[in-house]
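Below is one structure, written out as C-alpha cells, with a few remarks after it.
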Amino acid sequence: MENCLFCKILAGEIPSSKVYEDEYVYAFRDINPQAPTHILVIPKKHVGSIAEADQASDAELAACLRAVRKIALDEKLENGYRVVSNCGPDACQSVPHLHFHILGGRKMAEEMA
Ligand code: 5GP
Ligand code: ZN
C-alpha cells in the first residue's frame, strides 16, 4: 500500500534491522526501543490493524503469533515478554499497518497502559 511506512520497510525502500522473515511475516527492531528487546512483527500483506483482521487469512494471522514465539526463543526471552498490538486512536496506534510489539529484557510495569 502506498504511503504506508511498514509497506515501505517491506519493499526495502526504508532500511530496517531484520530479525525474522517467512512467507507471511517480517520482523524487525523498533527504531525507538522501549525495552532492551523491542521487535515489531508485521504481516507482509497490508492490514490496517486488528480491527481489519477480517481482511487477513487465518494463515497470515497465525503466522504472526508463531513468529512471536520463535523470535522470543531466538532472543532468549525465557524470563517472559509482553506482546502489544495498538489498535486505533485510543490505543495511540501511530503506524496503520498491523504490528505486534514484542517487549522484553526488563520487568514490565504491572499496569497495562
Ligand atoms: P504504534 O505506535 O503504531 O503501536 O507503533 C509503531 C512503532 O513503530 C513505534 O514503536 C515506532 O518506534 C516504530 N517505528 C516508527 N517508524 C519506524 C521506522 O522507520 N523504523 C522502525 N524500525 N520502527 C519504526
Ligand atoms: Zn502497510
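All of the numbers you see were taken from the coordinates with simple rules; none came from a lab. Here the structure is a predicted model, which means the values were calculated and not measured. Using ideal geometry, Cβ is built from the backbone for each residue, glycine included, and neighbour counts are taken over all protein chains shown.
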Whole-angstrom gap from the range 1-28 to the range 54-81, using each part's C-alpha centre: 16 Å
Surrounding net charge for PRO43, when Lys and Arg each add one and Asp and Glu each subtract one, Cβ distance under 14 Å: -4
Long-range amide H partners of TYR20 with built H, under 5 Å: ALA27
Note, ³J(HN,Hα) from phi for the range 15-27, Karplus 6.51, -1.76, 1.60, rounded to Hz, x at Gly and Pro: x, 8, 9, 5, 10, 7, 8, 9, 4, 10, 10, 10, 9
Mean Cβ neighbour count within 10 Å, used as a protection proxy, ranking 96-103, 10-17 highest first: 96-103, 10-17
Cβ-placed point charges (K, R +1; D, E -1), dipole of the chain about Cα centre in debye, nearest 20: 400 debye
Crossing angle, helix 58-74 versus the chain [Cα axis fit, 0-90 degrees, rounded to tens]: 30 degrees
Selected from ILE9, PRO36, ALA63, residue furthest toward positive end of dipole (the chain; charges at beta carbon): PRO36
Anisotropy class of the range 5-104 from Cα gyration tensor, a/c 1.5 cut: rounded
Burial ranking of peptide ranges 84-93, 24-33 (average Cβ count within 10 Å, highest at the top): 24-33, 84-93
